[in-house]
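A.B. asks: Below are the structure tokens for one structure; questions will follow.
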Amino acid sequence: MTGMSKAEWHAAAQALQIDGRAVINGARTDALSGETRTTFNPATGQPIVEVASCGTADADRAIQIARETFESGVWSGMAPADRKMVLVRWAELIEKHAQEIALLETIDVGKPISDTVNVDVPSAVRTIRWSGEAIDKIYEQISPTGHDALALVTRLPLGVVAAIVPWNFPLSTTAWKLAPALATGNSVILKPASNTPLSALRIADLAFEAGLPKGALHVLPGPGGSLGQHLGMHMDIDGMTFTGSTPVGQQLMTCSGQSNLKRTFLELGGKGPNIVFPDANLEAAASAAALAVFFNSGQVCTAGTRLIVHESIHDQFLESVIAAAANWAPGDPLDPDTTMGPMIDRSQCDSVADYVGIGKTEGAELVYGGSTTLEETGGAFHEPTIFSGVHNRMQIAQEEIFGPVLSVIPFKDADDAVQIANDSIYGLAGAVWSRDFSTAHKVAAAVRVGTMGINNYFGGDITVPFGGFKLSGNGRDKSIHAFDDYTELKTTWIEFD
Ligand code: NAP
């Protein structure tokens, strides 16, 4: 529900005034080179606006200002209670501009407007407000030394932090990075994905309106291969927080080793196992299985792309999932009834189509969807797609497709289910469905992922940490634990006369 009709959303989108310039030192700024890049609407293929394409000189300028701001203490030295108020005001301003920001996210990413209104914007608001509210309630430690000494264990901000984010949840991931990084007193350089810079640029304007010092946040749209690498290699950046693909995360880790050992935290890909036992609430499990892989057109790192189903219910359950897939018909993202938008661009759509071809060649059975669709719109739409008869060693079960493609894999018993679930280079998220709490809990404990749902998929909120095991990364976004990624532990040892 969005409270507006499709026609009203289209009219509102037409009326948007969009500024594609970078944000440096609190002001909208062209790239020093004057270069721009067009951002396109994935639902129509039409251009939206020219966006500044920043290079290394822009980055060096922003990093220098960020460093000076950090050293000045205007933000890093501000009392936590005062930083809190800035973040809380920022969250309120985003809430006040919710319609505009939801629209920017919908036209830039292709997300259904009902999702951006009900999920992405409220989630960003909650993240920023919660992190602000938390920061003045944290106590530091005195260690259990002997009586002749006093030892303080405190946490200090890292300094200048670079945040690089992807295109699938631009607003949410931006908030997940900026809120704890700023709450803990860092200065931040944010590089949005080239495809989706608009919401990050807009919320940065609002941060300064809320009272954030100008030098504490800079948003630099620009190419990952050059600008992103420059940030990774920079000697004056103390922390790198990244969400994106595993290969780029690995490169950034290498950059850290080759430069100044900047603290580098990575949130990477996934191949989520969703395990269904015969005693589960099968109706709820089938509906959630479709949600787990078709939400956001499957462009979700935590997507439940491997549906691991007990062999005794396999055929019947597959029928229920196919029926649930009908609720995920691709359509116009500005229509409030649309549940599934386009892929981010044509090349992502082509990549999904290639994987559908690979699945067929590998001998999996295509039982639903399997094609691109709505070509007449100019958008990059792909049907929800289901393969059965998948073996976990097949390429479609091992590689992150990042599209609406489900692989259904049978299992014999709990050990078999866990073995299949863990047979992956990834370890980000998954779920298990059973009414037997012992089975559910044992399986949930044995699956090596950062977040496991029991009788739900995508469960969680800002109070719990989010991140991966194995090649899904090493950082944790959200919750108090995220503050650890943006701070250094410091010991102060005091001896008495
Ligand atoms: P990507 O290609 O890795 O890009 C992510 C970001 O990194 C973009 O801003 C990109 O800039 C930048 N980048 C690209 N090459 C770079 C380089 N060599 N050095 C530094 N930065 C570079 O990933 P994506 O295709 O945007 O996003 C999809 C991936 O993100 C999937 O693998 C998904 O699983 C993962 N993801 C993970 C999480 C999580 O929390 N674990 C959440 C969401 C998504 P350009 O846009 O300019 O290329």
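The values are calculated or read from the model by the stated rules, or taken from the named source; none is laboratory data. Here the structure is a predicted model, which is why all the values come from computation and not from measurement. We place every Cβ from the backbone using ideal geometry, glycine too, and count neighbours over all the protein chains shown.
A.B. asks: Within the set of pairs 6 or more residues apart or between chains, which connect a residue that is within 15 Å of Asp238 (Cα to Cα) inside segment 250-278 to a residue that is of a type in the set (Val, Ile, Thr) and more than 9 Å from the ligand (Cβ to nearest atom) with Cβ atoms less than 7 Å apart?
C.D. replies: Going by the 7 Å Cβ cut-off, the qualifying pairs are Leu252/Thr264; Met253/Thr264; Ser256/Thr264; Lys262/Ile237; Phe265/Thr241.
A.B. asks: Being within 16 Å of the ligand (Cβ to nearest atom) and surrounded by fewer than 18 Cβ atoms within 10 Å (Cβ to Cβ): is that true of Asp315 here? I'd like the intermediate steps shown before the answer.
C.D. replies: Values: within 16 Å of the ligand (Cβ to nearest atom): no; surrounded by fewer than 18 Cβ atoms within 10 Å (Cβ to Cβ): yes.
Judged against the criteria, Asp315 is not a match.
A.B. asks: When segment 306-339 is examined, which residues are found to be of a type in the set (A, V, I, L, M, F, W, C), within 25 Å of the chain's Cα centre (by Cα) and over 26 Å from Asp413 (Cα atoms)?
C.D. replies: Ala325, Trp328, Ala329, Leu334
A.B. asks: For segment 309-320, name all the residues that are touching a strand residue (DSSP E or B) at 6+ places or on another chain (Cβ under 7 Å) and either closer than 30 Å to Val109 by Cα or part of a helix (DSSP H, G or I) (or both). Let's see the steps before the verdict.
C.D. replies: Taking segment 309-320 first, the residues touching a strand residue (DSSP E or B) at 6+ places or on another chain (Cβ under 7 Å) are 309-311, 314, 317-318.
Hits for segment 309-320 are Glu311, His314, Phe317, Leu318.
A.B. asks: Considering only segment 149-161, I want to know if a residue exists there that is crowded, with 24+ Cβ neighbours inside 10 Å, more than 15 Å from the ligand (Cβ to nearest atom), within 24 Å of Thr44 (Cβ to Cβ) and in contact (Cβ under 8 Å) with a residue 40 or more places away in the chain.
C.D. replies: The answer is no, given that none of the residues of segment 149-161 is crowded, with 24+ Cβ neighbours inside 10 Å, more than 15 Å from the ligand (Cβ to nearest atom), within 24 Å of Thr44 (Cβ to Cβ) and in contact (Cβ under 8 Å) with a residue 40 or more places away in the chain.
A.B. asks: Follow-up. Pick out the one residue from Gly450, Gly475 that is within 18 Å of Ala303 (Cα to Cα) and under 23 Å from the mean Cα position of the chain (by Cα).
C.D. replies: One residue alone meets the criteria, Gly450.
A.B. asks: If Leu32 satisfies all but one of (1) free of Cβ contacts under 8 Å to residues at least 60 places away in the same chain; (2) surrounded by fewer than 16 Cβ atoms within 10 Å (Cβ to Cβ), what's the number of the condition it fails?
C.D. replies: Against the list (1) free of Cβ contacts under 8 Å to residues at least 60 places away in the same chain; (2) surrounded by fewer than 16 Cβ atoms within 10 Å (Cβ to Cβ), Leu32 comes up short only on (2).
A.B. asks: For segment 443-491, what are the residues that are farther than 24 Å from Pro180 by Cα and either assigned to a loop (DSSP other than H, G, I, E, B) or outside the structural domain of Thr305 (by TED's automatic domain parsing) (or both)? I'd like the intermediate steps shown before the answer.
C.D. replies: Within segment 443-491, the first condition is being farther than 24 Å from Pro180 by Cα, and the residues that meet it are 443-448, 453-457.
Val447, Arg448, Asn455, Asn456, Tyr457 - these are the residues of segment 443-491 that are farther than 24 Å from Pro180 by Cα and either assigned to a loop (DSSP other than H, G, I, E, B) or outside the structural domain of Thr305 (by TED's automatic domain parsing) (or both).
A.B. asks: Let me ask you something else. Give all pairs with beta carbons closer than 9 Å in which a residue from segment 372-392 that is surrounded by fewer than 17 Cβ atoms within 10 Å (Cβ to Cβ) meets a residue that is assigned to a helix (DSSP H, G or I) and not basic (Lys, Arg); count only pairs at least 6 apart in sequence or on separate chains.
C.D. replies: The qualifying pairs are His391/Ala397.
A.B. asks: Go through (1) among the aromatic types (Phe, Trp, Tyr); (2) out of contact with any Ser or Thr (no Cβ under 9 Å at 6 or more places or on another chain); (3) within 16 Å of the ligand (Cβ to nearest atom) for Trp176 and report which single condition fails.
C.D. replies: So Trp176 meets the others, but not (2).
A.B. asks: Kindly indicate whether any position in segment 85-103 is modelled with pLDDT under 95, surrounded by 20 or more Cβ atoms within 10 Å (Cβ to Cβ) and under 25 Å from the mean Cα position of the chain (by Cα). Before you say what the answer is, go through the steps one by one.
C.D. replies: Here is the first cut: in segment 85-103, the ones modelled with pLDDT under 95 are none.
Scanning segment 85-103 turns up no residue that is modelled with pLDDT under 95, surrounded by 20 or more Cβ atoms within 10 Å (Cβ to Cβ) and under 25 Å from the mean Cα position of the chain (by Cα).
A.B. asks: In segment 225-273, what residues are surrounded by 18 or more Cβ atoms within 10 Å (Cβ to Cβ), more than 6 Å from the ligand (Cβ to nearest atom) and assigned to a loop (DSSP other than H, G, I, E, B)?
C.D. replies: His234, Ile237, Asp238, Lys262, Lys271, Gly272
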